[in-house]
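Below is one structure, written out as structure tokens; comments come after it.
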Amino acid sequence: MSVDAVDRLLAIMARLRDPQRGCPWDLEQDFRSIAPHTLEEAYEVVDAIEQGETDGLRDELGDLLLQVIFHARLAEEGGHFGFEAVAHALEDKLIRRHPHVFGEAAAGEPGAVTEHWEAIKAAERRAKGEGESVLDGVAAALPALLRAEKLQRRAARVGFDWPDHRGALEKVREELGELEAELPQGDGQRLEAELGDLLFAVVNLARHLGVDPERALRGTG
């Protein structure tokens, strides 16, 4: 995308948010009201990819870019940062997290690159004064299946994992048994907790089998 194209988009958003000449709907929005739309647009990008619709993907990426521009405009109006700061932060992050491309580090295999990436991210969290736990930085707002998988992958990196799928499968059986034991009691909170444990175990099994649990679940519909 050219600089002119970005500038035009920023100018359009500024006009939409103009207090005198802007759009009433756009003017009443804030970070929280826009957030659900941001999430929805991200999912529509994924859907276009899975459907193999390149024209649709172009349009959905535009809608997602609109969300970035909208949030940046809100931040600029609040005196926090603007779109340029977002772009510079991304530029710095990409260079910092790819020392095998922009620095002297060896590239290695893809798996080694991923490990290096995660180590850099952990160092960034420490620099921000965030917790030392390997589970820190996994967003609570992620879809539950995706969040469960990310937590499990983080835990696996420090050795908290089954050696293969058999241990994960046995854990599923164990959690199913605990759920069945709770059924006669009819305690809704306990049933919810046990069902959550079972779902978490199923996600772990899917990870060991190399299956995307989100895609697997969507495929049953």
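The values are calculated or read from the model by the stated rules, or taken from the named source; none is laboratory data. This is a predicted model, so every value here is computed, not measured. Cβ coordinates were reconstructed from backbone atoms using ideal geometry, including for glycine residues, and neighbour counts include every protein chain displayed. Each accessible area value is taken on the protein alone, full model and side chains, heavy atoms only, with ligands, DNA and RNA left out. Shrake-Rupley method; radii C 1.70, N 1.55, O 1.52, S 1.80 Å.
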Largest-first ordering by accessible area, 1.4 Å probe, given options Leu66, Leu57: Leu66, Leu57
GluC sites (Glu not before Pro) restricted to the stretch 34-130 and DSSP loop, no more than 10 other C-beta within 10 Å: Glu104
Simple spin-label estimate for Leu183 and Ile12 in nanometres, 7 Å along Cα-Cβ: 5.5 nm
At most 12 other Cβ within 10 Å, DSSP loop - trypsin sites (Lys or Arg not before Pro), the stretch 127-221: Lys128
Leu146-Ala89 FRET efficiency (beta carbon distance; Förster radius 30 Å; 0.05 resolution): 0.80
Residue order for Val203, Val3 - accessible surface, 1.4 angstrom probe, largest first: Val3, Val203
Using alpha-carbon coordinates, inclination of helix 110-127 to the longest axis of the chain, degrees: 70 degrees
Heavy-atom accessible surface of the stretch 41-115: percent carbon and sulfur, 1.4 Å: 57 percent
Accessible surface ranking that places the most exposed of Glu175, Glu180 first, with a 1.4 angstrom probe: Glu180, Glu175
Accessible area in square angstrom per residue, the chain, 1.4 angstrom probe: 68 Å²
Options (1) 1.13; (2) 1.29; (3) 1.23 - which one matches Cα Rg over 2.2 N^0.38 Å as calculated here: (2)
